[in-house]
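Just so you know, all these numbers are worked out from the coordinates, no wet-lab data involved. In this text, all values refer to a predicted model and were calculated from it rather than measured experimentally. Neighbour counts run over all protein chains shown; Cβ positions are idealised from the backbone, glycine included.
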Amino acid sequence: MAFKQASVLPGFNLSFGYTIFYMSLIVLLPLTALVVKTSSLEWGQFWAIVSEERVVATYKVTFGASLLAAIINLFTGLLVAWVLVRYSFPGKRLIDALVDLPFALPTAVAGIALATIYAPNGWIGQWFAPGSVLGGLFGSEGLSLAFNPTGIVIALTFVTLPFVVRTVQPVLADIEQELEEAASSLGANRWQIFRLVILPILWPALLTGFSLAFARAIGEYGSVIFIAGNMPFKSEITPLMIISKLEQYDYVGATAIAVVMLGVSFLLLLAINGLQWWSARRLGRRN
Amino acid sequence: MSIDIRNISKRFGNFVALDNINLDIASGELLALLGPSGCGKTTLLRIIAGLETADAGQILFHGEDTTDKHVSERQVGFVFQHYALFRHMTVFENVAFGLRVRPKETRPSETEIKRKVHELLELVQLDWLADRHPAQLSGGQRQRIALARALAVEPKVLLLDEPFGALDTKVRKELRRWLRRLHDEVHLTSIFVTHDQEEALEVADRVVVLNKGHIEQVGTPEEVYDTPASPFVYQFLGDVNLFHSRVHAGWAEVGKGRIAAPEAPDAPAVIYVRPHEIDLSRVASGDALHGEISHIRILGATIRLEVDVEGHDGVEVELSRERYQDGGWQVGETVFLTPRTVQVYSNPQ
């Protein structure tokens with residue numbers, strides 16, 4: 001086979017074949033079915049469904065909130081990873097274990113919990129409600145944290161927290177102390193060391209975490225619908241559109257929207273992967 | 001710049017890494033800190049650099065107390081055993097790093113940086129690698145780049161932590177000669193840490209032998225090799241044979257022979273003899289030790305014979321190839337050993 005490189009490890013044909021088979025069965029086949037189902041539509045019908053005003057509004061909410069949540073996690077995730085790697089304090093292991101909790105929790109449970117806490121009469125929400133202490137800072141209306149796009153971002157941030165933390169943590173732990181000492185002996189201050197020495201090394205891992213968080217957020221449903229309020233044109237997410245079409249037995253309409261989501265997600269992830277490849281090259285790993 | 005080390009002590013938990021170290025380093029000197037692993041040599045170097053803080057004591061640079069100064073203010077160049085190059089930067093950017101991080105007022109212009117970096121890369125003879133990444137260089141090249149990077153900030157002191165430790169023997173030898181030449185050119189006060197006595201003796205102006213947090217001896221390579229101040233120094237600076245005996249009226253008996261120890265008091269003693277300072281003969285002389293050759297090992301230019309002496313099996317004797325061939329020595333032969341130089345240490349613990 002032309003792709004095969006000389007290697008001491010046997011079994012290229014078998015493992016390559018298995019990989020292709022497995023990926024086809026688990027990933028490609030369902031996605032193909034999706035596209036096939038959609039193709040029963042005329043082009044005009046398809047376009048009418050996916051470009052309906054209310055649906056277009058959900059694309060904006062979904063991709064916008066997902067992007068925002070991923071960006072927030074880029075910073076907070078780095079911070080959490082930093083604290084967990086660099087400092088030792090009582091309860092460190094406990095906090096380390098807590099990071100994974102958003103994964104383990106059923107998303108609907110997370111959604112209900114978040115909605116309860118952030119609602120205007122909830123533990124946190126009440127502090128931002130109209131006329132409250134912190135809410136006053138945001139004008140007479142206060143700051144509403146639930147039942148609007150802000151709530152969606154909160155839910156998505158919660159659900160995707162582990163991605164950046166878990167991708168950055170091992171890379172950060174692997175950075176030799178000597179690199180920082182070398183930079184310090186050359187006269188660099190702490191901020192310069194972070195910006196010029198540590199961040200470039202973390203960058204590929206940060207991007208990976210970012211793209212995983214982003215991808216997960218786009219498809220998130222359970223935790224969002226309870227806190228989103230689901231107001232048409234305002235706080236409806238695309239997965240909700242798909243569900244509501246399914247509930248009306250409009251299978252073809254649901255798959256049409258799903259195909260659009262799939263296409264956009266694929267393009268975005270491809271772009272992030274490209275960025276990652278480029279930054280890894282810059283790191284001198286591949287040449 | 002001269003460095004004074006005064007009463008430096010450092011503990012790690014219960015482990016005493018350095019115990020009241022005092023040392024004066026002259027300006028422009030190339031000093032080796034020599035000792036086995038765990039003797040505190042790297043800790044001392046890191047304290048001088050400011051990468052570690054001492055529990056007690058002072059470090060003076062040119063008479064000025066720098067004990068509380070941060071590493072970034074001490075103007076030291078530090079070279080690490082594993083290079084610590086920034087792998088996401090090219091060789092050029094690595095060397096330029098120290099200049100680029102300076103505050104705006106003192107930062108040189110871009111053309112000045114370029115000139116300076118190329119000058120340094122020429123000094124380490126690697127100007128042609130400026131655009132490569134560290135991953136594309138060999139170990140020896142990386143260490144030379146690390147040195148150029150350390151020199152770029154015009155340090156007042158150059159500190160090297162086992163600089164050749166990660167390199168293979170041949171590159172090591174080349175690089176240490178090169179370091180010696182470089183030091184003769186730039187005359188920067190330099191301290192390097194090593195566990196390799198050959199390296200220390202070859203490169204340094206003065207050698208400091210450390211053991212278990214203490215200084216055992218300070219001196220020129222000749223001084224420490226020829227007149228070791230303690231059994232430890234003697235043993236550490238090369239192979240040695242030990243004879244356990246008792247001195248009586250200026251003689252120590254070993255088997256059927258005896259070794260002269262004219263100045264030693266009458267007491268138990270350990271006698272140190274280097275393998276290449278023993279004469280071999282087939283003819284018995286009055287005092288020579290009796291023995292039988294048990295092994296012959298050919299180590300290139302030198303030949304090492306192991307001789308079983310009564311009470312001391314496996315005494316090592318080193319001969320040059322010519323002397324070995326002239327003698328025609330065979331395994332199993334009875335031989336007589338006469339040490340040319342000995343060191344007697346009385347009352348060993």
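Along the range A:151-168 the Karplus relation, 6.51 cos²θ - 1.76 cosθ + 1.60 evaluated at θ = phi - 60°, assigns HN-Hα couplings of x, 4, 4, 4, 4, 5, 4, 4, 5, 9, 3, x, 4, 5, 4, 6, 7, 7 Hz to successive residues, with x for each Gly and Pro. The mean count of C-beta atoms from other chains within 10 Å of the C-beta of residues in B:98-110, rounded to a whole number, is 2. Counted by neighbouring Cβ atoms within 10 Å, the residues B:Ile296, A:Ile237, B:Ile5 run from fewest to most as B:Ile296, B:Ile5, A:Ile237. Counting other Cβ atoms within 10 Å as a rough exposure proxy, the listed residues B:Val315, B:Val283 run B:Val283, B:Val315 from fewest neighbours to most. Mind scanning B:Lys170/B:Lys212; A:Lys92/B:Lys212; B:Lys41/B:Lys104; B:Lys10/B:Lys104; B:Lys69/B:Lys104; B:Lys69/B:Lys173 and naming the pairs with a C-alpha gap bigger than 28 Å? Going by Cα-Cα distance, B:Lys170/B:Lys212; A:Lys92/B:Lys212; B:Lys41/B:Lys104; B:Lys10/B:Lys104; B:Lys69/B:Lys173 fall outside the 28 Å limit.
Let's see if you can work this out: charge +1 on each Lys and Arg Cβ, -1 on each Asp and Glu Cβ, no other charges. What is the dipole magnitude of the range A:1-142 about its Cα centre, in debye to the nearest 20?
Value, rounded to 20: 460 debye.
Rounded to the nearest 20 debye, the dipole size of chain B about its Cα centre is 1300 debye, using +1 on the Cβ of Lys and Arg and -1 on the Cβ of Asp and Glu. Each of B:Leu129, B:His70, B:Gly57 was placed along the dipole of the range B:54-139 (beta-carbon charges, centred on the mean Cα), and the one lying farthest toward the positive end is B:Leu129. Here is how the number arises for chain B: DSSP H runs of 4 or more residues each give -39500 (n - 2.57), the sum is divided by the residue count, and the result at 222 nm is -7500 deg cm²/dmol. Ordering A:Val55, A:Val171, A:Gly44 by Cα displacement along the dipole of chain A toward the positive end leaves A:Val171 in first place; charges were set at the Cβ atoms of Lys, Arg (+1) and Asp, Glu (-1). For the range B:182-235 and the range A:90-109, compute the distance between their C-alpha centroids and round to whole Å. That distance is 55 Å. Using the rule -39500 (n - 2.57) for each DSSP H run of four or more residues, divided by the residues of chain A, the 222 nm mean residue ellipticity is -22000 deg cm²/dmol. Within the protein assembly as shown, antiparallel bridges make up roughly 75 percent of the DSSP beta bridges whose residues both belong there.
Does the range B:163-253 classify as rounded, prolate or oblate by the C-alpha gyration tensor (a ≥ b ≥ c root eigenvalues; a/c under 1.5 gives rounded; else a/b over b/c gives prolate, otherwise oblate)? Since a/c reaches 1.5 and a/b is larger than b/c, the shape of the range B:163-253 is classed as prolate. As a proxy for reagent exposure, ranking B:Arg304, B:Arg74, B:Arg144, A:Arg281 by other Cβ atoms within 10 Å from fewest up yields A:Arg281, B:Arg304, B:Arg74, B:Arg144. Couplings 3J(HN,Hα) for the range A:45-55, derived from phi with the Karplus relation 6.51 cos²θ - 1.76 cosθ + 1.60 (θ = phi - 60°), are 4, 4, 4, 4, 5, 7, 9, 4, 4, 5, 6 Hz, where x marks Gly and Pro. Placing unit charges on each Cβ (+1 for Lys and Arg, -1 for Asp and Glu) gives chain A a dipole about its Cα centre, and among A:Ser211, A:Thr157, A:Thr19 the Cα reaching farthest toward its positive end belongs to A:Thr19. Decide, for the range A:104-165, between rounded, prolate and oblate: order the square roots of the alpha carbon gyration tensor eigenvalues as a ≥ b ≥ c, take rounded if a/c falls under 1.5, and otherwise choose prolate if a/b is larger than b/c, else oblate. Here the range A:104-165 falls in the prolate category. Highest GNM mean-square fluctuation among A:Asn189, A:Asn148, A:Asn121, for chain A modelled with Cα contacts below 10 Å: A:Asn189. The alpha carbon gyration tensor of the range B:55-175 gives principal lengths a ≥ b ≥ c with a/c of 1.5 or higher and a/b no greater than b/c, which makes the shape oblate.
A Förster radius of 56 Å, combined with the Cβ-Cβ distance separating B:Leu299 from B:Ser109, puts the computed FRET efficiency at roughly 0.50. Size of the protein assembly as shown from its Cα atoms: along the principal axes, largest to smallest, the extents are 116, 63, 51 Å.
Given +1 at the Cβ of Lys and Arg, -1 at the Cβ of Asp and Glu and no other charges, the dipole of the range B:108-203 around its Cα centre is 120 debye to the nearest 20.
When every Cα-Cα distance of the range B:292-336 is counted in 5 angstrom steps from zero, the calculated P(r) takes the values 5, 25, 34, 23, 9, 3 percent. Inter-label distance, B:Gln125 to B:Asp168: 1.8 nm, where each label sits 7 Å from its Cα along the C-beta direction.
The 3J(HN,Hα) values that the Karplus relation (6.51, -1.76, 1.60; θ = phi - 60°) gives for the range B:147-164 are, in residue order, 5, 4, 5, 5, 6, 4, 8, 6, x, 8, 9, 10, 10, 10, 9, 6, x, 10 Hz. Gly and Pro appear as x. Distances between placed amide hydrogens fall under 5 Å for B:Val247 paired with B:Ala267, B:Ala269, all partners being 5 or more residues away or on another chain. Counting Cβ atoms of other protein chains within 10 Å of each Cβ in A:175-184 and taking the mean gives 6.
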